[in-house]
Structures are given as C-alpha cells and as structure tokens.
Amino acid sequence: MINLLSDTVTKPTPGMLRAMWAAEVGDDVFREDPTVNALEAYVAELTGHEAALFCPSGTMANQIALKVHTRPMDEVICDETSHIFQYEVGGYAFHSGIGVNLLRSPNGILEAEQIGAAVKPLYDWLPRSTLCVIENTNNKGGGGCYSLEGLQSIGAMCRDKNLALHLDGARLFNAVVARGYTPRQVGACVDSASLCLSKGLGAPMGTVLTGNAKFIAEARRVRKAMGGGMRQVGYMAAAGLYALQNQVERLEEDHRHARQLAETLVELPWVEGLRPVETNIVIFDLKAPLTPAVFLEKLAEKGIKASAFGPQAIRFVTHLDVPGAMINQTVEVLRRMTF
Ligand SMILES: *Cc1c(COP(=O)(O)O)cnc(C)c1O
C-alpha cells in the first residue's frame, strides 16, 4: 500500500520508538514530566518564544490560542481556506464565542495590506477585530509558504493595528526547509504559534503551542478546561523531540517527491491543471468527465491511496513512509492510466 492520503498517516521510525521506550516520565499536570518539560523548553528556544505547551492535537492548540487571544464578540481575521475555519468544527464559535472575518487570497497566502484593511472600526455594532491567524504552509491552498518578508510585514501590520497574530504552523518545518528561514525568524513575527509533531515530522501525536509566559500560563488553564491535561505523556513528547532533532531535514526528500509527482502529472492528458507545488502537497484537477471517485477507485486497485479535494480535485501528500521507490512506482502507475 502506498498511502498518499495525508502526512498524518506516518508511523514512528525505529529510532523514534527507541527514544519513546527510553523516556523518563512523570505527571505532566503537576509539571513533573521531565521529557515534556524538555520538549517545551526545546521548542520555546527554537521559536525564540518565552514558553511552550504540549497539546494533544493541532486543533486543540489552535483553539486554545483563539480562546486566550480573544473575548466573546471579537472576530478573527483569516483566509477562507484556513484550517481554523474549515476543519475545526466551528470551534472558534463554540469555545470562544467569536466570529470570523474571511479573506480571499491566491493559495491561502495573505498580504499585510489586506489584513490591515479588514480591521473593523470600533463601533458598538461591530465585532472587535482582535486577532489574525495565518497558516504556513497553507494546507487547503496547496502547501504554499509565506516569504520571510511577507511574515515580517504581516507582523508589523498586526502590531500597528493592535491585532494579536497566531501562526497555525502545523507544517512550519516544511516551510522552514523549503524557504531556508529559521523557526526563530518566523517566531519573531508572531505572538503565538502551533507546531504539529504528528504531520510530516512523523510523531504519533502532539502539537506544541508557543508564546510569551503570560500567554502560555493562560493556555495551560484553557488546555485543562478542554480536557487536554495529560499525565505520563513524556513517551509522546520523546517522539516529538526525536522528530525535531532527527526528522526535519529529511522533509526536503518529501518535497522532491512531490515535485517528481507534479512533473509526471503535468504531462498527462487527463489532468486539467496543477496548483503550484512548493512543499509536500500536490493538488491537481481531473479533466471532466473524469471524476475523483472513478480516479481514486482505479488508483486504489493499484494499491495507491489519495483523497478528493473538491469537485474535480485530487490531493497527494508525500511523507516519510513513502520512500523514493514507492514514488517511482506511483509515477509508473500514473503514466499507464488511461480514461
Ligand atoms: C493538521 C492541521 C492542523 C491540526 O490538526 P490535528 O489533526 O488536530 O492535529 C491544524 N492546521 C493545519 C493547517 C493542519 O494541516
């Protein structure tokens, strides 16, 4: 089976399993898990933020950030493709009682000016714009990255407009590897960030939320209220630390594999068009009348899994459990497909 559904399907590598096995643990609700403490300190240092908090999922980390940065009746400014709007069950309304102010942009990459222009004036009848959320890389937009200059302009705009700025960095390390900036340079642009360990980095679970000490102190309380206080979770933190120390640079390989798939797809007569491929996500449209259902079924017969991503669109995601040989095999299968 070649699984291109998502980079969340990755399994722990042997080295990661050894690190988990060897982890020292304690009760993290009492802050007595040395491995969780080490992970939080490591990621805080990496991003240049004062503190960090290990959360069970990216969704929880984002939802905590929304809750801590806002009050009910506020609104969050974000792209219409953003994960917090599309895939978190409307949690912004449920947990935080806030609205969304949706922006539209090419491939989910926002410009500072459009964020500034979206901030509402302070009238009694308007929601208060207090937070902006950006996504790097952007998932639904096709894995595109912000430039460092773009992030810096957005950071400056948000400071100027009194907006808190949260980075949904579920795949920040893909952007770091693709663009050559550091997590610390990105950290300097934003007030908080959520970094997933369970995507391309290959850990079984976990997202680290970063920010200043006051933000993280409050985030710890909200995490507990959401039921996310965990006990001997150092086994999972050990997997995350191992991933950060050993499995970041190899993301370049996933990007190369994505480019290889893209180069194959553009040549095929049944492919209508391809989004720009910058990291590990490949999104393309099928030429009508070919539908995703028919295409995916035929692909599955060849032992390859992928997902539909719109009425005509298909998404492939490359990751560490799809080595080069499997990519070559996928290329061969795609070239032989006829409709
Ligand atoms: C995967 C993802 C998340 C978090 O997802 P969980 O499955 O809750 O860990 C958040 N933002 C983006 C952009 C993602 O791709």
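The values are calculated or read from the model by the stated rules, or taken from the named source; none is laboratory data. None of these values were measured; they are calculated from a predicted model. Ideal geometry is used to build each Cβ from the backbone, glycine not excepted, and the neighbour counts take in all protein chains shown. Just so you know, the surface numbers come from the protein's heavy atoms only, side chains and all, with ligands and any DNA or RNA stripped out. Shrake-Rupley method; radii C 1.70, N 1.55, O 1.52, S 1.80 Å.
What the table shows:
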| item | result |
| --- | --- |
| Residue match in the stretch 28-47 (condition: away from the ligand (no atom under 16 Å from the Cβ), in a loop (DSSP other than H, G, I, E, B), more than 24 Å from residue 221 (Cβ to Cβ) and in contact with a helix residue (DSSP H, G or I) (Cβ under 7 Å, 6 or more places away or on another chain)) | no |
| Qualifying residue in the stretch 42-64 (condition: more than 24 Å from residue 138 (Cα to Cα), open to solvent by less than 70 Å² (accessible area, probe 1.4 Å) and among the hydrophobic types (A, V, I, L, M, F, W, C)) | yes |
| Within the stretch 82-145, helices (runs of 4 or more DSSP H) holding 3 or more residues that are under 18 Å from residue 194 (Cα atoms) and within 16 Å of the ligand (Cβ to nearest atom) | 83-86, 91-96 |
| Residue tally, condition open to solvent by 30 Å² or more (accessible area, probe 1.4 Å), out of contact with any strand residue (DSSP E or B) (no Cβ under 9 Å at 6 or more places or on another chain) and within 21 Å of residue 180 (Cβ to Cβ), over the stretch 105-159 | 4 |
| Filter result (in contact with a helix residue (DSSP H, G or I) (Cβ under 7 Å, 6 or more places away or on another chain), hydrophobic (A, V, I, L, M, F, W, C) and surrounded by fewer than 24 Cβ atoms within 10 Å (Cβ to Cβ)) within the stretch 204-220 | 205, 215 |
| Output for the stretch 65-81, where each listed residue is more than 20 Å from residue 209 (Cα to Cα), buried (at least 24 other Cβ atoms within 10 Å of the Cβ) and away from the ligand (no atom under 14 Å from the Cβ) | none |
| Odd one out for residue 198 among (1) assigned to a loop (DSSP other than H, G, I, E, B); (2) closer than 19 Å to residue 38 by Cα; (3) open to solvent by 40 Å² or more (accessible area, probe 1.4 Å) | (3) |
| Spans of helices (runs of 4 or more DSSP H) in the stretch 242-339 with at least 3 residues touching a Lys or Arg at 6+ places or on another chain (Cβ under 7 Å) and open to solvent by 50 Å² or more (accessible area, probe 1.4 Å) | none |
| Sole exception among (1) within 16 Å of the ligand (Cβ to nearest atom); (2) assigned to a strand (DSSP E or B) for residue 151, by number | (2) |
| In the stretch 48-64, the residues that are out of contact with any Cys (no Cβ under 9 Å at 6 or more places or on another chain), part of a loop (DSSP other than H, G, I, E, B) and within 16 Å of the ligand (Cβ to nearest atom) | 56 |
